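The values are calculated or read from the model by the stated rules, or taken from the named source; none is laboratory data. Keep in mind that this is a model prediction, so the values were computed, not measured. Glycine gets a Cβ as well: all are built from the backbone with ideal geometry, and neighbour counts include every protein chain shown.
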Amino acid sequence: MKILLVDDSRAMAMVTTARLESFGHEVVHAIDGPSAIAHFQQTPFDLILMDIEMPGMNGFEATTRIRALEGNELWAWTPIIFVTATDTPTNLVTAIEAGGDDFISKMAPENVLQAKMKAMSRIAAMRSRLAQANTRLQNQANRDGLTGLLNRRAMDMQIDQLWEMAVASGKAFSLMMIDVDNFKKYNDHYGHLAGDDCLRSVANCLAHTVQQANDDKVAPGAFVARYGGEEFCVVIPDSAPGVHVGVGLAIVEAVAALQLTHEKNADWGVVTVSLGCVCAHPASGVVGSLFRLADTLLYKAKEAGRNRCEAA
(Lines give C-alpha, C1' and ligand atoms only; values in the text may rest on other atoms or scores of the structure.)
Protein backbone atom coordinates (compact mmCIF):
# COMPACT_ATOMS: atom_id res chain seq x y z
CA MET A 1 0.00 0.00 0.00
CA LYS A 2 0.93 3.64 -0.37
CA ILE A 3 0.47 5.20 3.06
CA LEU A 4 0.40 8.86 4.08
CA LEU A 5 1.77 9.16 7.61
CA VAL A 6 0.86 12.43 9.32
CA ASP A 7 2.85 13.07 12.51
CA ASP A 8 4.54 16.21 13.83
CA SER A 9 7.17 14.11 15.62
CA ARG A 10 9.96 13.28 13.20
CA ALA A 11 11.41 10.71 15.61
CA MET A 12 8.06 8.88 15.95
CA ALA A 13 7.51 9.12 12.20
CA MET A 14 10.90 7.50 11.53
CA VAL A 15 10.07 4.61 13.83
CA THR A 16 6.57 4.10 12.35
CA THR A 17 7.90 4.39 8.80
CA ALA A 18 10.52 1.73 9.46
CA ARG A 19 7.88 -0.62 10.88
CA LEU A 20 5.51 -0.11 7.93
CA GLU A 21 8.24 -0.45 5.33
CA SER A 22 9.29 -3.74 6.91
CA PHE A 23 5.80 -5.00 6.00
CA GLY A 24 6.38 -3.96 2.37
CA HIS A 25 4.43 -0.68 2.32
CA GLU A 26 5.47 2.65 0.79
CA VAL A 27 5.30 5.54 3.26
CA VAL A 28 5.15 9.30 2.68
CA HIS A 29 5.58 11.49 5.77
CA ALA A 30 3.70 14.76 6.30
CA ILE A 31 4.87 16.89 9.23
CA ASP A 32 1.52 18.61 9.86
CA GLY A 33 -2.11 18.97 8.72
CA PRO A 34 -1.56 21.46 5.86
CA SER A 35 1.27 19.32 4.48
CA ALA A 36 -0.97 16.25 4.63
CA ILE A 37 -3.69 18.04 2.65
CA ALA A 38 -1.13 19.18 0.05
CA HIS A 39 0.20 15.62 -0.35
CA PHE A 40 -3.32 14.24 -0.64
CA GLN A 41 -4.20 16.71 -3.41
CA GLN A 42 -1.15 15.67 -5.42
CA THR A 43 -1.03 11.89 -4.91
CA PRO A 44 -3.60 9.12 -4.38
CA PHE A 45 -3.03 7.11 -1.19
CA ASP A 46 -4.41 3.75 -0.08
CA LEU A 47 -4.37 4.69 3.62
CA ILE A 48 -3.79 7.68 5.87
CA LEU A 49 -2.37 7.31 9.38
CA MET A 50 -3.28 10.55 11.15
CA ASP A 51 -1.83 11.85 14.40
CA ILE A 52 -4.42 13.70 16.50
CA GLU A 53 -2.42 16.17 18.55
CA MET A 54 -0.49 18.47 16.23
CA PRO A 55 0.25 22.21 16.49
CA GLY A 56 -1.88 24.55 14.40
CA MET A 57 -4.24 22.15 12.60
CA ASN A 58 -4.97 18.98 14.57
CA GLY A 59 -5.74 15.60 13.03
CA PHE A 60 -9.51 16.01 13.29
CA GLU A 61 -9.51 19.23 11.26
CA ALA A 62 -7.09 17.82 8.70
CA THR A 63 -9.33 14.78 8.27
CA THR A 64 -12.44 16.93 7.81
CA ARG A 65 -10.70 18.93 5.08
CA ILE A 66 -9.44 15.79 3.32
CA ARG A 67 -12.94 14.33 3.32
CA ALA A 68 -14.23 17.54 1.74
CA LEU A 69 -11.67 17.13 -1.07
CA GLU A 70 -12.86 13.62 -1.91
CA GLY A 71 -16.34 14.72 -2.94
CA ASN A 72 -19.24 12.27 -3.07
CA GLU A 73 -17.67 9.33 -4.92
CA LEU A 74 -17.89 6.47 -2.45
CA TRP A 75 -15.25 4.51 -4.34
CA ALA A 76 -12.79 7.38 -3.73
CA TRP A 77 -13.07 7.13 0.06
CA THR A 78 -9.59 6.73 1.55
CA PRO A 79 -9.44 4.94 4.94
CA ILE A 80 -8.08 7.15 7.73
CA ILE A 81 -6.78 5.61 10.94
CA PHE A 82 -6.05 7.92 13.87
CA VAL A 83 -2.80 7.21 15.67
CA THR A 84 -2.94 8.30 19.29
CA ALA A 85 -1.70 7.61 22.77
CA THR A 86 -5.11 8.41 24.34
CA ASP A 87 -8.04 6.67 22.66
CA THR A 88 -10.67 8.15 24.97
CA PRO A 89 -14.43 7.89 24.23
CA THR A 90 -14.48 11.63 23.45
CA ASN A 91 -11.66 11.26 20.94
CA LEU A 92 -13.41 8.28 19.34
CA VAL A 93 -16.65 10.22 18.79
CA THR A 94 -14.80 13.25 17.44
CA ALA A 95 -12.74 11.04 15.12
CA ILE A 96 -15.80 9.36 13.62
CA GLU A 97 -17.57 12.69 13.15
CA ALA A 98 -14.49 14.09 11.40
CA GLY A 99 -14.48 11.19 8.94
CA GLY A 100 -12.03 8.79 10.56
CA ASP A 101 -12.43 5.03 10.31
CA ASP A 102 -10.38 3.51 13.12
CA PHE A 103 -7.93 4.04 15.99
CA ILE A 104 -4.54 2.53 16.70
CA SER A 105 -2.09 3.16 19.49
CA LYS A 106 1.25 4.78 18.64
CA MET A 107 2.98 1.92 20.42
CA ALA A 108 0.77 -0.89 19.12
CA PRO A 109 2.48 -4.32 19.21
CA GLU A 110 4.03 -5.52 15.96
CA ASN A 111 1.38 -8.21 15.34
CA VAL A 112 -1.49 -5.75 15.93
CA LEU A 113 -0.03 -3.18 13.54
CA GLN A 114 0.59 -5.83 10.91
CA ALA A 115 -2.97 -7.18 11.25
CA LYS A 116 -4.38 -3.66 10.80
CA MET A 117 -2.29 -3.18 7.67
CA LYS A 118 -3.46 -6.51 6.22
CA ALA A 119 -7.08 -5.45 6.75
CA MET A 120 -6.41 -2.08 5.13
CA SER A 121 -4.66 -3.78 2.20
CA ARG A 122 -7.82 -5.78 1.52
CA ILE A 123 -9.86 -2.58 1.59
CA ALA A 124 -7.37 -0.87 -0.73
CA ALA A 125 -7.65 -3.75 -3.21
CA MET A 126 -11.45 -3.57 -3.13
CA ARG A 127 -11.37 0.21 -3.62
CA SER A 128 -9.09 -0.22 -6.62
CA ARG A 129 -11.43 -2.74 -8.24
CA LEU A 130 -14.42 -0.53 -7.51
CA ALA A 131 -12.67 2.50 -9.02
CA GLN A 132 -11.89 0.54 -12.19
CA ALA A 133 -15.48 -0.69 -12.43
CA ASN A 134 -16.77 2.84 -11.90
CA THR A 135 -14.50 4.14 -14.67
CA ARG A 136 -15.76 1.46 -17.05
CA LEU A 137 -19.39 2.23 -16.22
CA GLN A 138 -18.82 5.96 -16.65
CA ASN A 139 -17.20 5.35 -20.02
CA GLN A 140 -20.08 3.12 -21.11
CA ALA A 141 -22.59 5.76 -20.03
CA ASN A 142 -20.85 8.33 -22.23
CA ARG A 143 -20.57 6.13 -25.33
CA ASP A 144 -23.03 5.30 -28.07
CA GLY A 145 -23.73 1.58 -27.97
CA LEU A 146 -23.61 1.08 -31.74
CA THR A 147 -20.67 3.20 -32.87
CA GLY A 148 -18.57 3.65 -29.72
CA LEU A 149 -18.51 7.40 -30.27
CA LEU A 150 -19.51 9.89 -27.60
CA ASN A 151 -23.27 9.89 -27.21
CA ARG A 152 -25.55 12.92 -27.34
CA ARG A 153 -25.61 13.38 -23.56
CA ALA A 154 -21.82 13.33 -23.20
CA MET A 155 -21.44 15.60 -26.23
CA ASP A 156 -23.86 18.18 -24.80
CA MET A 157 -21.99 18.22 -21.49
CA GLN A 158 -18.63 18.73 -23.18
CA ILE A 159 -19.93 21.38 -25.54
CA ASP A 160 -21.47 23.40 -22.71
CA GLN A 161 -18.12 23.52 -20.90
CA LEU A 162 -16.04 24.18 -24.01
CA TRP A 163 -18.40 26.88 -25.28
CA GLU A 164 -18.23 28.74 -21.96
CA MET A 165 -14.43 28.61 -22.09
CA ALA A 166 -14.38 29.84 -25.70
CA VAL A 167 -16.74 32.73 -24.91
CA ALA A 168 -14.71 33.70 -21.83
CA SER A 169 -11.41 33.65 -23.77
CA GLY A 170 -12.74 35.10 -27.00
CA LYS A 171 -11.44 32.14 -29.03
CA ALA A 172 -12.92 30.50 -32.11
CA PHE A 173 -15.40 27.62 -31.84
CA SER A 174 -16.36 25.42 -34.78
CA LEU A 175 -18.83 22.61 -35.21
CA MET A 176 -20.28 20.58 -38.04
CA MET A 177 -23.42 18.54 -38.54
CA ILE A 178 -23.04 15.43 -40.72
CA ASP A 179 -25.74 13.23 -42.22
CA VAL A 180 -25.39 9.95 -44.12
CA ASP A 181 -26.99 10.54 -47.52
CA ASN A 182 -30.18 8.59 -48.31
CA PHE A 183 -29.69 6.37 -45.29
CA LYS A 184 -33.35 5.36 -45.09
CA LYS A 185 -33.10 4.03 -48.64
CA TYR A 186 -29.94 2.15 -47.60
CA ASN A 187 -31.81 0.51 -44.70
CA ASP A 188 -34.81 -0.34 -46.84
CA HIS A 189 -32.66 -1.84 -49.59
CA TYR A 190 -29.96 -3.68 -47.61
CA GLY A 191 -31.67 -4.26 -44.26
CA HIS A 192 -31.16 -2.86 -40.77
CA LEU A 193 -28.20 -5.08 -39.88
CA ALA A 194 -26.36 -3.80 -42.92
CA GLY A 195 -27.46 -0.31 -41.91
CA ASP A 196 -25.84 -0.77 -38.51
CA ASP A 197 -22.63 -1.94 -40.17
CA CYS A 198 -22.74 1.11 -42.42
CA LEU A 199 -23.09 3.49 -39.48
CA ARG A 200 -20.21 1.81 -37.67
CA SER A 201 -18.00 2.14 -40.74
CA VAL A 202 -18.88 5.81 -41.19
CA ALA A 203 -18.34 6.47 -37.47
CA ASN A 204 -14.89 4.85 -37.59
CA CYS A 205 -14.02 6.91 -40.64
CA LEU A 206 -15.10 10.14 -38.94
CA ALA A 207 -13.18 9.27 -35.77
CA HIS A 208 -10.04 8.45 -37.78
CA THR A 209 -10.24 11.64 -39.86
CA VAL A 210 -10.78 13.85 -36.81
CA GLN A 211 -8.00 12.08 -34.91
CA GLN A 212 -5.67 12.69 -37.85
CA ALA A 213 -6.53 16.40 -37.67
CA ASN A 214 -5.71 16.25 -33.96
CA ASP A 215 -2.41 14.46 -34.54
CA ASP A 216 -1.42 16.95 -37.24
CA LYS A 217 -2.34 19.79 -34.85
CA VAL A 218 -4.69 21.14 -37.51
CA ALA A 219 -7.68 20.91 -35.19
CA PRO A 220 -6.39 20.16 -31.68
CA GLY A 221 -9.09 19.13 -29.25
CA ALA A 222 -11.59 18.20 -31.99
CA PHE A 223 -13.92 15.27 -31.29
CA VAL A 224 -16.80 13.48 -32.96
CA ALA A 225 -20.11 12.29 -31.47
CA ARG A 226 -23.20 10.50 -32.65
CA TYR A 227 -25.95 13.10 -32.67
CA GLY A 228 -28.75 10.63 -33.33
CA GLY A 229 -29.83 8.16 -36.01
CA GLU A 230 -27.59 8.68 -39.03
CA GLU A 231 -26.46 12.13 -37.87
CA PHE A 232 -23.06 12.93 -36.39
CA CYS A 233 -21.46 16.04 -34.97
CA VAL A 234 -17.83 17.19 -34.95
CA VAL A 235 -16.71 19.86 -32.51
CA ILE A 236 -13.51 21.88 -32.87
CA PRO A 237 -13.26 23.95 -29.69
CA ASP A 238 -10.15 26.02 -30.41
CA SER A 239 -8.66 26.45 -33.86
CA ALA A 240 -7.88 29.08 -36.43
CA PRO A 241 -10.82 30.37 -38.51
CA GLY A 242 -11.18 28.33 -41.69
CA VAL A 243 -9.84 25.09 -40.25
CA HIS A 244 -13.38 23.72 -40.02
CA VAL A 245 -13.71 23.88 -43.80
CA GLY A 246 -10.60 21.77 -44.38
CA VAL A 247 -11.69 19.17 -41.82
CA GLY A 248 -15.20 19.10 -43.31
CA LEU A 249 -13.90 18.51 -46.85
CA ALA A 250 -11.55 15.80 -45.54
CA ILE A 251 -14.50 14.02 -43.92
CA VAL A 252 -16.61 14.11 -47.09
CA GLU A 253 -13.73 12.73 -49.16
CA ALA A 254 -12.80 10.06 -46.60
CA VAL A 255 -16.33 8.63 -46.36
CA ALA A 256 -16.72 8.48 -50.14
CA ALA A 257 -13.31 6.81 -50.37
CA LEU A 258 -14.62 3.91 -48.25
CA GLN A 259 -16.46 2.79 -51.40
CA LEU A 260 -19.34 1.27 -49.44
CA THR A 261 -21.87 0.23 -52.08
CA HIS A 262 -25.15 2.19 -51.96
CA GLU A 263 -27.15 1.62 -55.13
CA LYS A 264 -29.95 3.92 -54.00
CA ASN A 265 -27.73 6.96 -53.40
CA ALA A 266 -28.57 8.97 -56.52
CA ASP A 267 -25.61 9.33 -58.90
CA TRP A 268 -22.93 8.30 -56.42
CA GLY A 269 -23.45 4.57 -56.03
CA VAL A 270 -21.55 4.53 -52.73
CA VAL A 271 -22.20 5.74 -49.19
CA THR A 272 -21.61 9.49 -48.90
CA VAL A 273 -22.26 12.21 -46.35
CA SER A 274 -23.49 15.76 -46.50
CA LEU A 275 -22.03 18.25 -44.07
CA GLY A 276 -22.72 21.72 -42.76
CA CYS A 277 -19.94 23.43 -40.81
CA VAL A 278 -19.69 26.78 -39.14
CA CYS A 279 -17.15 28.74 -37.10
CA ALA A 280 -17.88 31.42 -34.51
CA HIS A 281 -14.89 33.74 -34.21
CA PRO A 282 -14.90 34.88 -31.54
CA ALA A 283 -17.41 32.68 -29.74
CA SER A 284 -20.30 34.71 -28.34
CA GLY A 285 -23.95 34.35 -27.47
CA VAL A 286 -25.45 30.87 -27.15
CA VAL A 287 -24.14 27.72 -28.78
CA GLY A 288 -27.64 26.74 -29.92
CA SER A 289 -27.50 29.37 -32.67
CA LEU A 290 -24.36 27.67 -34.02
CA PHE A 291 -26.17 24.32 -34.18
CA ARG A 292 -29.08 25.89 -36.04
CA LEU A 293 -26.77 27.46 -38.61
CA ALA A 294 -24.82 24.21 -39.09
CA ASP A 295 -28.11 22.35 -39.57
CA THR A 296 -29.25 24.89 -42.17
CA LEU A 297 -25.98 24.46 -44.04
CA LEU A 298 -26.33 20.67 -43.86
CA TYR A 299 -29.68 20.80 -45.65
CA LYS A 300 -28.24 23.25 -48.14
CA ALA A 301 -25.58 20.64 -48.94
CA LYS A 302 -28.30 18.03 -49.48
CA GLU A 303 -30.30 20.33 -51.73
CA ALA A 304 -27.14 21.01 -53.77
CA GLY A 305 -26.73 17.32 -54.60
CA ARG A 306 -25.27 15.69 -51.44
CA ASN A 307 -21.72 14.34 -50.96
CA ARG A 308 -20.51 17.83 -50.22
CA CYS A 309 -19.60 20.33 -47.48
CA GLU A 310 -21.32 23.68 -47.06
CA ALA A 311 -19.50 26.08 -44.77
CA ALA A 312 -19.92 29.48 -43.14
Please find, within segment 168-180, the residue that is surrounded by the most Cβ atoms within 10 Å (Cβ to Cβ) out of those that are touching a residue at least 60 places away in the same chain (Cβ under 8 Å) and either of a type in the set (A, V, I, L, M, F, W, C) or more than 24 Å from Ser289 (Cα to Cα) (or both).
Met176
When restricted to Asn214, Asn265, the only residue surrounded by fewer than 24 Cβ atoms within 10 Å (Cβ to Cβ) and either touching a helix residue (DSSP H, G or I) at 6+ places or on another chain (Cβ under 8 Å) or touching a residue at least 40 places away in the same chain (Cβ under 8 Å) (or both) is Asn265
Please enumerate the residues belonging to segment 104-160 that are among the β-branched types (Val, Ile, Thr) and either over 24 Å from Pro44 (Cα atoms) or in a helix (DSSP H, G or I) (or both).
Val112, Ile123, Thr135, Thr147, Ile159
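Residue-by-condition table, conditions (1) small (Gly, Ala, Ser); (2) crowded, with 18+ Cβ neighbours inside 10 Å; (3) out of contact with any Asp or Glu (no Cβ under 6 Å at 6 or more places or on another chain); (4) modelled with pLDDT under 95:
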{"position": "Gly195", "(1), (2), (3), (4)": "yes, yes, yes, no"}
{"position": "Leu199", "(1), (2), (3), (4)": "no, yes, yes, no"}
{"position": "Val243", "(1), (2), (3), (4)": "no, yes, yes, yes"}
{"position": "Gln259", "(1), (2), (3), (4)": "no, no, yes, no"}
If you check Glu253, Glu310, Glu231, which single one turns out to be under 26 Å from the mean Cα position of the chain (by Cα) and either at negative phi or of a type outside the set (Phe, Trp, Tyr) (or both)?
Glu231
Pairs with Cβ under 9 Å, 6+ apart, first in segment 116-128 and under 15 Å from Gly24 (Cα atoms), second in a helix (DSSP H, G or I)
Met117/Leu20
Please find, among Ile52, Ile48, the residue that is in contact (Cβ under 8 Å) with a residue 40 or more places away in the chain, in contact with a Phe, Trp or Tyr (Cβ under 7 Å, 6 or more places away or on another chain), of a type outside the set (Asp, Glu) and surrounded by 15 or more Cβ atoms within 10 Å (Cβ to Cβ).
Ile52
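Please work out if Arg306 is in the same structural domain as Trp163 (by TED's automatic domain parsing) and in a loop (DSSP other than H, G, I, E, B).
When the stated conditions are applied, Arg306 passes them.
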Of all the residues that make up segment 268-291, how many are exposed (fewer than 15 other Cβ atoms within 10 Å of the Cβ) and within 17 Å of Ala203 (Cβ to Cβ)?
0
